[in-house]
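Quick notes on the structure that follows.
The numbers here are math on the coordinates, done by the rules we state, and not lab data. These figures come from a predicted structure and were not determined experimentally. Ideal geometry is used to build each Cβ from the backbone, glycine not excepted, and the neighbour counts take in all protein chains shown.
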Amino acid sequence: MEQHAKQAKRQAKDATAEAEQQAAEMAKELRAEAREVREEAEKALEEAQEPDGLASQACSALRALRAQLVAAARGAARRGAYAGSWVAHELQNPVVAGNVALGAGAAVWVLRGYAKHQARYLKGRSDSGIIAAVAGVAALLATDVYVSSKYYARFDKSVSK
């Protein structure tokens, strides 16, 4: 029995040595394959990061377009903010506020007339009525220009007194 145990021990030792040798060879092969895969991945990454030819031109054109759009949006926002503050400042002047109210009222009056009749607004009116309406609007406009030019500077807060 001792011989059988020694023989089994020797066989186990040989099997272990053979398994270790096979595992070392497999590890060596896996390392070589992993190295190849890593090199291919690095090469693909470099190619993806450095586009050439038409793709490179398209990327640079898109970057330039993006920069132009961002600059235009910033400029529009700046001009919009300036225009808003300018309008708010001008509306503090009673002459400007009156002109805005007068203009809005005139626009509503004209649109109401068109909507009410759903046809030509002047259709069916006499020539003298049309001339009187045009003369009245012209007189109102002339009066508005005169009053605005005379009193605008008096109420303008940006002009130092």
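Per residue of the range 62-79, in order, report the coupling 6.51 cos²θ - 1.76 cosθ + 1.60 (Karplus, θ = phi - 60°) as ³J(HN,Hα) in whole Hz, putting x for Gly and Pro.
With the stated coefficients, the range 62-79 comes to 5, 5, 5, 5, 4, 4, 5, 5, 5, 5, 5, 5, 5, x, 5, 5, 5, 5 Hz.
Would you mind computing, in nm to one decimal, how far apart the modelled labels at Ala64 and Trp109 are, each placed 7 Å from Cα along Cα→Cβ?
Those two pseudo-labels are separated by 5.6 nm.
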